[in-house]
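Below: one structure, written as structure tokens.
The values are calculated or read from the model by the stated rules, or taken from the named source; none is laboratory data. Bear in mind that the values here come from a model prediction, so they are computed numbers and not experimental data. Quick reminder, even Gly has a Cβ in these numbers, built from the backbone with ideal geometry, and neighbours come from all protein chains shown. For the accessible areas, the whole protein counts, side chains as well, though only heavy atoms, and no ligand, DNA or RNA atoms are used. Shrake-Rupley method; radii C 1.70, N 1.55, O 1.52, S 1.80 Å.
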Amino acid sequence: RATLRRNVLENSTFDLEFTHQADTDLTEVSSRLNWQAGFARISPSITYNSDNDLFAGLATSFGIAKDPVNGEIYSFDRNVTSNGAMSVQVFLDENGDGVLNANEQPLEGVQVQGLQNGGQKETNEKGVAFFNNMAELRRTDVVINEDSLKDPFWISGFEGVSVLPREGYVAELSYPVHIAGEMDGTVYSRDENLAEPRPLKGIPVHLYNADGEVEQTATTDFGGFYIFS
């Protein structure tokens, strides 16, 4: 028996097998293409032997999972029941309440990362990134790649979450993206003896939130300039 395996396309292998059975004086040649199509594994095959028998077959295998966020059924080219899964919906949180409201838009094309387990997925037109191959009981941090956000003033609503995938369970995560901005200014002093105001360098300027807590601190430069990003 001799077997040759070659990669012919992305996610595809081609097998060619030659077999000679000495006890029956039968020689057989078979070929098979294994195509990982994303939604299923498709394997057409052809076998021919020295008795002039010709066999052709088509085998397929797939795994399916339901997204609890939008109710869609996904099909994959590998088994999914032995892994954990996660559905992450990313949206533009315009009012900052952390909830996807009817007037707020899901964000397409955002890269969501399972840093230690799951790899990287991109959100679809409904803002959903579906992870189907998260190894069971292997904790991972799930974050979004802010560089993939289309607006430079969009920022992640929080640093991310840590999840522990469970076999056959689809976790849900609603991931808000906030609209940020910048504020800058100049600190200076007025002196009645000088015609122009004098900029003050090295002055700490604090930015407080609505609860009276310091969010950021900036220090003025030589021109009295400061900026909060």
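Annotations
- Here the gap between N95 and T19, fully extended at 0.36 nm per residue and compared with their Cα-Cα distance, gives a gain of 20.5 nm.
- Sorted peptide list for 126-135, 111-120, criterion being average Cβ within 10 angstrom, highest first: 126-135, 111-120
- Based on alpha carbons, the Rg and Dmax found for region 11-137 are 22.5, 78 Å.
- Our note on the geometry: Cα centres of region 20-82 and region 215-229, 64 Å apart.
- Between D141 and L200, the C-beta separation translates, for a Förster distance of 45 Å, into a calculated FRET efficiency of about 0.60.
- For F158 and L58, a Förster radius of 41 Å and the Cβ-Cβ distance give a FRET efficiency of 0.30, rounded to the nearest 0.05.
- Probe 1.4 Å, protein heavy atoms only - accessible area per residue of the chain in square angstrom: 63 Å²
- Once the Cβ-Cβ distance of E108 and T217 is raised to the sixth power relative to R0 = 35 Å, the FRET efficiency obtained is 0.45.
- Only protein atoms count toward the accessible area here, which uses a 1.4 Å probe; on the chain, the carbon and sulfur part of that area reaches 50 percent.
- Applying both filters, DSSP loop and at most 15 other Cβ atoms within 10 Å, to the chymotrypsin sites (Phe, Trp or Tyr not before Pro) of region 153-198 gives F153, F158, Y169.
- Put a plus charge on the Cβ of each Lys and Arg, a minus charge on the Cβ of each Asp and Glu, and nothing anywhere else: the dipole of the chain about its Cα centre is then about 660 debye.
- 16 Å Cα-Cα reach of K126 towards aspartates and glutamates, excluding residues that sit fewer than 8 places from it in its own chain: D67, E72, D93, E104, E108, E172
- Calculated Rg and Dmax of the Cα atoms in Å (choose from (1) 45.9, 180; (2) 29.5, 114; (3) 18.3, 57), label: (2)
- Loop-exposed GluC sites (Glu not before Pro) per DSSP, neighbour cap 11 Cβ within 10 angstrom, longest uninterrupted part of the chain: 11-124
- Computed lengthening from S229 to F39, 0.36 nm per intervening residue step minus Cα-Cα distance: 64.1 nm
- In terms of accessible area, using a 1.4 Å probe and ignoring ligands and nucleic acids, H178, H20 rank largest first as H20, H178.
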